[in-house]
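Colleague: Next up is a structure, given as structure tokens.
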């Protein structure tokens, strides 16, 4: 399966955060790159969604639904900040 | 959500007009998630760009993928007054605002033209003064989505087609895949301050975005949306 980008998980992110997050800014905890969530690499081929930094490919976020419970791991992010306008 | 009309765009592509209860209105470039549930409870969910302009009822344009789980149903089986679940509108990054007067450069590959068409319709309906140029890569003329609508666009919009696999005998337009050289010929020079939106298969989007940055476009002025190997949105 091809790499997608953060636009593809806008609906999932809204389920988690209850607001629009594709234009939020994330700072990578591995390489400090700052980028909109929409520009991150997203892999949907496995059992959940895996989000990686486009600069260093470091793991930023993982979302997996297990028996109806959505498990969220944001451990690879240094910060995640909503866009002021959204 | 109920389907109110079905329009064939190409042999593989259909537009579905939707009526959604309490639709909050959408922005140009946003998408919806479509969720289908099988009788055994199995669910499949896919994202589809909204094809209509803000202020118009929501519509999605779907390309059939032969091995798809959702698109064969949406392109072959769905009938007017059928219902399925949609979530949205979604997206705040790949969105064009009509208040922007910067030149608008749209580059689409295949069904990646769908959100770009929403932007062009929004531009026309909002009396925007932004110049606009669409570079649209298709396999063949028969695969061009919204062809008659795009050919009739005027009033500050240029539309440039490239047909990469098959061309009509009289074709005098581009026949190459979009690369830096083609962008150099079609895109405004970087100093014009254009805002670019690029949508299509992942490899297409990456080639176009790299090309625009190589021509001097600031990365933050090149907004991208990838939908995978082929088809999708």
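The values are calculated or read from the model by the stated rules, or taken from the named source; none is laboratory data. Model, not experiment: these values are computed from the prediction. For neighbour counting, all protein chains shown are included, and Cβ atoms are generated from backbone atoms with ideal geometry for every residue, glycine included.
Colleague: Just the residues that are more than 7 Å from every other protein chain (Cβ to nearest Cβ), free of Cβ contacts under 8 Å to residues at least 40 places away in the same chain and in contact with a helix residue (DSSP H, G or I) (Cβ under 9 Å, 6 or more places away or on another chain), please, taken from region A:1-27.
Modeller: A:13
Colleague: Can you report the number of residues in region A:58-79 which are within 16 Å of residue A:9 (Cβ to Cβ) and away from chain B (no Cβ under 14 Å)?
Modeller: Let us first name the residues in region A:58-79 that are within 16 Å of residue A:9 (Cβ to Cβ), namely A:59-65, A:70-74, A:76-77.
Restricting the remaining residues to those that are away from chain B (no Cβ under 14 Å) gives A:59-62, A:64, A:71-74, A:76-77.
The qualifying residues number 11.
Colleague: Now, a different point. Identify all residues within region B:203-226 that are in contact with a strand residue (DSSP E or B) (Cβ under 7 Å, 6 or more places away or on another chain) and not in a helix (DSSP H, G or I); write none if there are none.
Modeller: Correct list: B:217, B:222, B:223, B:224, B:225, B:226.
Colleague: Considering region A:33-57 alone, what residues qualify as being more than 12 Å from chain B (Cβ to nearest Cβ) and part of a loop (DSSP other than H, G, I, E, B)?
Modeller: Our first condition is that a residue be more than 12 Å from chain B (Cβ to nearest Cβ); within region A:33-57, this holds for A:46-48, A:50-53, A:56-57.
A:46, A:47, A:53, A:56, A:57 - these are the residues of region A:33-57 that are more than 12 Å from chain B (Cβ to nearest Cβ) and part of a loop (DSSP other than H, G, I, E, B).
Colleague: Next up: In this structure, is residue A:82 surrounded by fewer than 20 Cβ atoms within 10 Å (Cβ to Cβ), at pLDDT below 95, farther than 24 Å from residue B:65 by Cα and in contact with a strand residue (DSSP E or B) (Cβ under 7 Å, 6 or more places away or on another chain)? Full working, then the answer.
Modeller: Numbers: surrounded by fewer than 20 Cβ atoms within 10 Å (Cβ to Cβ): yes; at pLDDT below 95: yes; farther than 24 Å from residue B:65 by Cα: yes; in contact with a strand residue (DSSP E or B) (Cβ under 7 Å, 6 or more places away or on another chain): no.
No.
Colleague: Which of (1) free of Cβ contacts under 8 Å to residues at least 12 places away in the same chain; (2) more than 12 Å from chain B (Cβ to nearest Cβ) is the odd one out, the single condition residue A:30 does not satisfy?
Modeller: Tallying (1) free of Cβ contacts under 8 Å to residues at least 12 places away in the same chain; (2) more than 12 Å from chain B (Cβ to nearest Cβ), residue A:30 fails exactly one: (1).
Colleague: Looking at this structure, is residue A:26 modelled with pLDDT under 95 and either at negative phi or assigned to a strand (DSSP E or B) (or both)? I'd like the intermediate steps shown before the answer.
Modeller: Values: modelled with pLDDT under 95: no; either at negative phi or assigned to a strand (DSSP E or B) (or both): yes.
The answer is no for residue A:26.
Colleague: Now, a different point. When both residues are 6+ apart or on different chains and their Cβ atoms are under 6 Å apart, which pairs have a first residue that lies in region B:89-109 and is within 14 Å of another protein chain (Cβ to nearest Cβ) and in contact (Cβ under 8 Å) with a residue 12 or more places away in the chain, and a second that is surrounded by 24 or more Cβ atoms within 10 Å (Cβ to Cβ) and part of a strand (DSSP E or B)?
Modeller: B:90/B:31; B:91/B:31; B:94/B:225; B:96/B:28; B:109/B:137; B:109/B:200
Colleague: Can you name the residue in region B:131-156 that is modelled with pLDDT under 95 and more than 17 Å from residue B:13 (Cβ to Cβ) and is also surrounded by the most Cβ atoms within 10 Å (Cβ to Cβ) among such residues?
Modeller: Ranking the candidates gives B:153 first.
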